[in-house]
Number of protein chains: 2
Amino acid sequence: MSIAIRKLDSADAGFRDKLSAVLAFEASEDEAIDRAAATILADVKARGDAAVLEYTWRFDRLPGQPAASLAALEIGQEALQAALASLPEARRAALQTAADRVHAYHERQKKECGSDGFLYTEADGTELGQKVTPLDRVGIYVPGGKAAYPSSVLMNAIPAKVAGVQEVIMVVPTPDGVHNELVLAAAAIAGVDRVFTIGGAQAVGALAYGTATIPQVDKIVGPGNAYVAAAKRRVFGIVGIDMIAGPSEILVICDGTTDPDWIAMDLFSQAEHDELAQSILLCPDAAYIAKVEASINKLLDAMPRKEVIRTSLTDRGALVKVRDMDEACEIANAIAAEHLEISAEEPQQWADKIRHAGAMFLGRYSSESLGDYCAGPNHVLPTSRTARFSSPLGVYDFQKRSSVIRVSEAGAQTLGRVAAELAYGEGLQAHARSAELRLK
Amino acid sequence: MSIAIRKLDSADAGFRDKLSAVLAFEASEDEAIDRAAATILADVKARGDAAVLEYTWRFDRLPGQPAASLAALEIGQEALQAALASLPEARRAALQTAADRVHAYHERQKKECGSDGFLYTEADGTELGQKVTPLDRVGIYVPGGKAAYPSSVLMNAIPAKVAGVQEVIMVVPTPDGVHNELVLAAAAIAGVDRVFTIGGAQAVGALAYGTATIPQVDKIVGPGNAYVAAAKRRVFGIVGIDMIAGPSEILVICDGTTDPDWIAMDLFSQAEHDELAQSILLCPDAAYIAKVEASINKLLDAMPRKEVIRTSLTDRGALVKVRDMDEACEIANAIAAEHLEISAEEPQQWADKIRHAGAMFLGRYSSESLGDYCAGPNHVLPTSRTARFSSPLGVYDFQKRSSVIRVSEAGAQTLGRVAAELAYGEGLQAHARSAELRLK
């Protein structure tokens, strides 16, 4: 059965509205889930370890009675190393290569993103600057069950360690008591300091407030289910959080010179994530679009996750004929996709026109899947048009800045008069007097 | 009547608990306000301009019937320039000096925070990097009425313009139809592109969703009342937002060698903001603390905002005797204050020990009020211990990054094998095939 994938043409009347309809996605806000998360958070805040233990046994369906202590749910470094040692050699080597490359990229990022801070001196001796410091302690949420991705452990933990975070605490639920050895192996490679097998809103609460066993962290990162997302929104401000991620997206701009099978498989690689994932192709060549459609239908049946792919492509996918590559870039800026592949000859000319994208994959060899695992840049990227204002997870997410102001005696004479004038204008007389007391 | 300001000693039993009690602050979460904000947002999303006009007339008590068009509430550039021209010369000059200094600091910050991005080439020709781009359009919320601060217009708008934001749209309510000329003058100096006299949750909704008259922005920054804060929380994800600010705080570490009047006035300058503001002194010298207390009582009566100061210092202030300056730094890291003054000889030795603070004011001439107006660094700073994980508002808040991945043909051979191995491990076969199709 062939896929009824939507086809649009930018020359058609009403194209922009049709495209907007395809892109439209609103995360369902479930009041019941939000309330449940709030209740669990309040309980964890009030009762600490005991509450976390009870919820963990109930929601993760662990056997028997809750353990007497949350410490029983900590996985020690020896167990992590054992998980790593138990992997088949090829897989262990692949994980290590991926970790090494992610580490190298983020080291470079650290060097390039102003991590040393700055300080400069003005003519009157006043010094101004900025100090950059890592967060002290970070929590990483790793989902259990089917969406447990070892690559995400690397992508969340390595930038934190590169930033200089002293303690990275990972939480990962074990539904029905099942451990994911690949996830534990990834924690070992990434240098995670402590691992607790807890999850859900109760794990978010434990990290945000701290309990007798679990230390309070300064920021919580990593994806989770609707309860985890609701809990993260609620603890925002007590701790930092990363973005609330929406469904994954790929936008491919192709000039019609890439093997259509490659493009079809790239669209599949996003669609297989889940039914809400979005895969869109922009191309100025109608004949080429037909070839990609033929490849999609040819290749689909062999995919183990073909039903997910079919639903995703049917419900949220699109093959879009555009006027030319310039228009493709303009549309790409409006879409602000999480992943943007520019599969074209001399892709840089088009990349230069892109203002909004989580990650850009340039040239026909840069399949998005390479970025997901091992190219080096982070695979935690802004979704749902948030690339308009936010960035890939990075070293900078695990650092913060402090302004540094050292006013000289001479500087206080000139600055004091300016500050006093403005403070009186705002009706803040103590501000003004505080400046004026330093005047000769 | 002397102030009953709390005095603590770090050597006393239970000191840490007492300090925690002083620091404890929980923003009241008012369910009714949150619901009202949600209703207004939904209405603005559905009915656009008409809803914004109705709410504006109702909540800001504007005279007569709502205007036929929201365009009537736009203040043009000529009116902004006229407001600037109407200021007394000394005040205009002070505002311009402050703007110039804020501009200069943020230009330096832009240069130092990795704004050029980076790109590097690996041995096999694969290129990896990061592109940095400004946000397209930003909304700045400026409160009307008593908390209308022209300095905040400068501090929010200038970093956006330095970052390269093409359009800065300011909203400022005019309760009872009253315009604040100093705020409009600051908008003129800061280069704000458009100004609308709207406020509240309706202004946040207009900026987040866009209306016929008001274009959708990519991020909303600036402080507001509880309705504004609730609305910003709710539109987070559709647009970016800055931090939700808590009450302002100052922490002074003093070695006992600064004029006690200066320190008393510095504590006042924070306390006068509002009754919930927090002013704390840490000092190893008990005799000096007594002198500061005497100065507080001597100076209070002359302050026009003395009742606010008295309430703030009584309810939330503290004079803390510490063992030594090292312990003061350790306590300062636990407090993670918005403003930290280190009023001491050779302050740098102590500043080096500080990990968490929004801004550090070093040496006895660096009063916090200079930083509020004209030192150059931003006065929008993390409050309520959020300096543990967040930063002053800066150029980086108006930029975002995109990863750049250009894998060479040779690179695709090595990376493809690694990615495929890991993708099979995660059960994502289309990811694996997408990488394998690029293998020779």
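Based on this model, can you work out whether B:ASP124 counts as surrounded by fewer than 24 Cβ atoms within 10 Å (Cβ to Cβ), in contact with a helix residue (DSSP H, G or I) (Cβ under 8 Å, 6 or more places away or on another chain), charged (D, E, K, R) and more than 10 Å from chain A (Cβ to nearest Cβ)? Lay out the reasoning, then the answer.
Working: surrounded by fewer than 24 Cβ atoms within 10 Å (Cβ to Cβ): yes; in contact with a helix residue (DSSP H, G or I) (Cβ under 8 Å, 6 or more places away or on another chain): yes; charged (D, E, K, R): yes; more than 10 Å from chain A (Cβ to nearest Cβ): yes.
Criteria met by B:ASP124.
Of the conditions (1) touching a residue at least 40 places away in the same chain (Cβ under 8 Å); (2) touching a helix residue (DSSP H, G or I) at 6+ places or on another chain (Cβ under 7 Å); (3) within 30 Å of B:LEU300 (Cα to Cα); (4) not small (Gly, Ala, Ser), B:THR258 satisfies every one except a single condition; which number is it?
In the conditions (1) touching a residue at least 40 places away in the same chain (Cβ under 8 Å); (2) touching a helix residue (DSSP H, G or I) at 6+ places or on another chain (Cβ under 7 Å); (3) within 30 Å of B:LEU300 (Cα to Cα); (4) not small (Gly, Ala, Ser), B:THR258 misses (2) alone.
List pairs: first residue in segment A:3-15 and among the polar types (S, T, N, Q), second residue in a strand (DSSP E or B) anywhere in the structure, Cβ distance under 7 angstrom, at least six positions apart or on different chains.
The qualifying pairs are A:SER10/A:VAL320; A:SER10/A:LYS321.
Kindly evaluate A:GLY224 against the criterion of being touching a strand residue (DSSP E or B) at 6+ places or on another chain (Cβ under 6 Å) and within 14 Å of chain B (Cβ to nearest Cβ). Show your work before the answer.
On the way: touching a strand residue (DSSP E or B) at 6+ places or on another chain (Cβ under 6 Å): yes; within 14 Å of chain B (Cβ to nearest Cβ): no.
Answer is no for this residue.
Of the residues B:ASP30, B:ASP100, B:ASP49, which is more than 30 Å from B:PRO284 (Cβ to Cβ), of a type in the set (D, E, K, R) and crowded, with 17+ Cβ neighbours inside 10 Å?
Details: B:ASP30 fails: crowded, with 17+ Cβ neighbours inside 10 Å; B:ASP100 fails: crowded, with 17+ Cβ neighbours inside 10 Å.
One residue alone meets the criteria, B:ASP49.
I'd like to check something: does segment B:197-217 contain any residue that is assigned to a helix (DSSP H, G or I), of a type in the set (A, V, I, L, M, F, W, C) and modelled with pLDDT under 95? Let's see the steps before the verdict.
First, the residues of segment B:197-217 that are assigned to a helix (DSSP H, G or I): B:200-209.
Going one step further and asking which of them are of a type in the set (A, V, I, L, M, F, W, C), we end up with B:201, B:203-204, B:206-208.
Adding the requirement that they be modelled with pLDDT under 95 leaves none.
Looking through segment B:197-217, none of the residues is assigned to a helix (DSSP H, G or I), of a type in the set (A, V, I, L, M, F, W, C) and modelled with pLDDT under 95.
Suppose we keep only residues that are without any contact (Cβ under 8 Å) to a residue 24 or more places away in the chain and charged (D, E, K, R) within segment B:319-349. Which one would you say is nearest to B:ILE253 (Cα to Cα)?
B:GLU330
With (1) crowded, with 24+ Cβ neighbours inside 10 Å; (2) farther than 26 Å from A:GLY114 by Cα as the list, and A:GLU409 as the residue in question, which single condition is left unmet?
(1)
Being surrounded by fewer than 24 Cβ atoms within 10 Å (Cβ to Cβ), closer than 28 Å to A:GLY237 by Cβ and in contact (Cβ under 8 Å) with a residue 12 or more places away in the chain narrows it down to one residue among B:ILE250, B:ILE244; which is it? Walk me through it before giving the result.
Details: B:ILE250 fails: surrounded by fewer than 24 Cβ atoms within 10 Å (Cβ to Cβ).
B:ILE244 is the lone residue from the list that is surrounded by fewer than 24 Cβ atoms within 10 Å (Cβ to Cβ), closer than 28 Å to A:GLY237 by Cβ and in contact (Cβ under 8 Å) with a residue 12 or more places away in the chain.
Identify, please: which residue in segment B:421-432 is in a helix (DSSP H, G or I) and out of contact with any Lys or Arg (no Cβ under 8 Å at 6 or more places or on another chain) and is, among those, nearest to the other protein chains (Cβ to nearest Cβ)?
Residues of segment B:421-432 in a helix (DSSP H, G or I): B:421-425, B:429-432.
Checking which are out of contact with any Lys or Arg (no Cβ under 8 Å at 6 or more places or on another chain) leaves us with B:423-424, B:431-432.
On the way: B:ALA423: 6, B:TYR424: 9, B:HIS431: 4, B:ALA432: 7 Å.
Here the answer is B:HIS431.
Which numbered condition trips up A:LYS232, out of (1) under 22 Å from the mean Cα position of the chain (by Cα); (2) surrounded by fewer than 23 Cβ atoms within 10 Å (Cβ to Cβ); (3) part of a helix (DSSP H, G or I)?
Evaluating A:LYS232 over (1) under 22 Å from the mean Cα position of the chain (by Cα); (2) surrounded by fewer than 23 Cβ atoms within 10 Å (Cβ to Cβ); (3) part of a helix (DSSP H, G or I) leaves (2) as the failure.
Against the definition (of a type in the set (A, V, I, L, M, F, W, C) and either more than 15 Å from the chain's Cα centre (by Cα) or in a strand (DSSP E or B) (or both)), how does A:ALA412 come out, yes or no?
Working: of a type in the set (A, V, I, L, M, F, W, C): yes; either more than 15 Å from the chain's Cα centre (by Cα) or in a strand (DSSP E or B) (or both): yes.
For A:ALA412, the condition - of a type in the set (A, V, I, L, M, F, W, C) and either more than 15 Å from the chain's Cα centre (by Cα) or in a strand (DSSP E or B) (or both) - is met.
Return the residues of segment B:131-145 that are at the interface with another protein chain (Cβ under 8 Å from one of its Cβ atoms) and either in contact with an Asp or Glu (Cβ under 7 Å, 6 or more places away or on another chain) or without any contact (Cβ under 8 Å) to a residue 40 or more places away in the chain (or both); say none if nothing qualifies. Steps first, answer last, please.
Taking segment B:131-145 as the starting set, the residues that turn out to be at the interface with another protein chain (Cβ under 8 Å from one of its Cβ atoms) are B:131, B:133, B:135-136.
Answer for segment B:131-145, where residues must be at the interface with another protein chain (Cβ under 8 Å from one of its Cβ atoms) and either in contact with an Asp or Glu (Cβ under 7 Å, 6 or more places away or on another chain) or without any contact (Cβ under 8 Å) to a residue 40 or more places away in the chain (or both): B:LEU135, B:ASP136.
Looking only at segment A:267-292, how many residues end up being crowded, with 21+ Cβ neighbours inside 10 Å, farther than 24 Å from A:VAL380 by Cα and more than 14 Å from chain B (Cβ to nearest Cβ)?
Taking segment A:267-292 first, the residues crowded, with 21+ Cβ neighbours inside 10 Å are A:267-273, A:277-283, A:289, A:292.
Keeping just the survivors that are farther than 24 Å from A:VAL380 by Cα gives A:283, A:289, A:292.
Going one step further and asking which of them are more than 14 Å from chain B (Cβ to nearest Cβ), we end up with A:283, A:289.
Residues in segment A:267-292 being crowded, with 21+ Cβ neighbours inside 10 Å, farther than 24 Å from A:VAL380 by Cα and more than 14 Å from chain B (Cβ to nearest Cβ): 2 in total.
Considering only residues that are within 7 Å of another protein chain (Cβ to nearest Cβ) and touching a strand residue (DSSP E or B) at 6+ places or on another chain (Cβ under 7 Å), look in segment B:395-420 and name the one that is nearest to A:GLY371 (Cα to Cα).
Ranking the candidates gives B:ILE405 first.
Going by the conditions given, is A:ALA50 farther than 16 Å from A:LEU207 by Cα and without any contact (Cβ under 8 Å) to a residue 40 or more places away in the chain? First the steps, then the outcome.
Numbers: farther than 16 Å from A:LEU207 by Cα: no; without any contact (Cβ under 8 Å) to a residue 40 or more places away in the chain: yes.
The answer is no for A:ALA50.
Give segment A:157-178 a look and list any residue that's of a type in the set (A, V, I, L, M) and either at pLDDT 95 or above or crowded, with 24+ Cβ neighbours inside 10 Å (or both), or say none.
A:ALA157, A:ILE158, A:ALA160, A:VAL162, A:ALA163, A:VAL165, A:VAL168, A:ILE169, A:MET170, A:VAL171, A:VAL172
Hey, any hits in segment B:1-10 for a residue that's surrounded by fewer than 18 Cβ atoms within 10 Å (Cβ to Cβ) and over 30 Å from B:ASP301 (Cα atoms)?
No, segment B:1-10 contains no residue that is surrounded by fewer than 18 Cβ atoms within 10 Å (Cβ to Cβ) and over 30 Å from B:ASP301 (Cα atoms).
Yes or no: B:THR213 in contact (Cβ under 8 Å) with a residue 24 or more places away in the chain and either within 19 Å of the chain's Cα centre (by Cα) or over 22 Å from B:LEU84 (Cα atoms) (or both)? Give the steps one after another, and end with the answer.
On the way: in contact (Cβ under 8 Å) with a residue 24 or more places away in the chain: yes; either within 19 Å of the chain's Cα centre (by Cα) or over 22 Å from B:LEU84 (Cα atoms) (or both): yes.
Considered against the rule, which asks whether it is in contact (Cβ under 8 Å) with a residue 24 or more places away in the chain and either within 19 Å of the chain's Cα centre (by Cα) or over 22 Å from B:LEU84 (Cα atoms) (or both), B:THR213 comes out as yes.
Please go through (1) closer than 28 Å to A:VAL228 by Cβ; (2) within 11 Å of chain B (Cβ to nearest Cβ); (3) not aliphatic (A, V, I, L, M) for A:GLY117 and return the number of the only condition it doesn't satisfy.
For A:GLY117, the failing item is (1).
Only one of (1) over 26 Å from A:ALA38 (Cβ atoms); (2) modelled with pLDDT of 95 or more fails for A:GLU181. Which number is that?
Failing condition for A:GLU181: (2).
Yes/no matrix, rows are residues, columns are (1) surrounded by 14 or more Cβ atoms within 10 Å (Cβ to Cβ); (2) touching a His at 6+ places or on another chain (Cβ under 7 Å); (3) farther than 19 Å from B:VAL178 by Cα:
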residue	(1), (2), (3)
B:GLU54	yes, no, no
B:PHE59	yes, no, no
B:LEU62	yes, no, no
B:ALA67	yes, no, no
B:ALA82	yes, no, no
B:PRO88	no, no, yes
B:ARG91	yes, no, yes
B:LEU95	yes, no, yes
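Answer yes if at least one residue in segment B:377-394 is out of contact with any strand residue (DSSP E or B) (no Cβ under 9 Å at 6 or more places or on another chain) and of a type outside the set (D, E, K, R), and no otherwise.
Checking segment B:377-394: not a single residue is out of contact with any strand residue (DSSP E or B) (no Cβ under 9 Å at 6 or more places or on another chain) and of a type outside the set (D, E, K, R).
Kindly indicate the residue of segment A:204-219 that is touching a Gly at 6+ places or on another chain (Cβ under 6 Å) and surrounded by fewer than 24 Cβ atoms within 10 Å (Cβ to Cβ) and also farthest from A:ASP34 (Cα to Cα) among those meeting that condition. Steps first, please.
Residues of segment A:204-219 that are touching a Gly at 6+ places or on another chain (Cβ under 6 Å), as a first pass: A:207, A:211-212, A:216-217, A:219.
Filter once more, so that each one left must be surrounded by fewer than 24 Cβ atoms within 10 Å (Cβ to Cβ): A:211-212, A:216.
Values: A:THR211: 22, A:ALA212: 26, A:GLN216: 22 Å.
Ranking the qualifying residues of segment A:204-219, first place goes to A:ALA212.
Can you name every one of the strands (runs of 3 or more DSSP E) wholly within segment A:293-393 that holds 1 or more residues which are touching a helix residue (DSSP H, G or I) at 6+ places or on another chain (Cβ under 7 Å) and more than 7 Å from chain B (Cβ to nearest Cβ)? Working first, answer last.
Values: elements: A:318-321, A:339-343, A:359-362.
So the answer is A:318-321, A:339-343.
Identify, from the list A:GLY222, A:GLY237, A:GLY199, the residue that is surrounded by fewer than 24 Cβ atoms within 10 Å (Cβ to Cβ) and of a type outside the set (Lys, Arg).
Among A:GLY222, A:GLY237, A:GLY199, only A:GLY237 is surrounded by fewer than 24 Cβ atoms within 10 Å (Cβ to Cβ) and of a type outside the set (Lys, Arg).
The values are calculated or read from the model by the stated rules, or taken from the named source; none is laboratory data. Here the structure is a predicted model, which is why all the values come from computation and not from measurement. Positions of Cβ are backbone-derived with ideal geometry, glycine not excepted, and every protein chain shown enters the neighbour counts.
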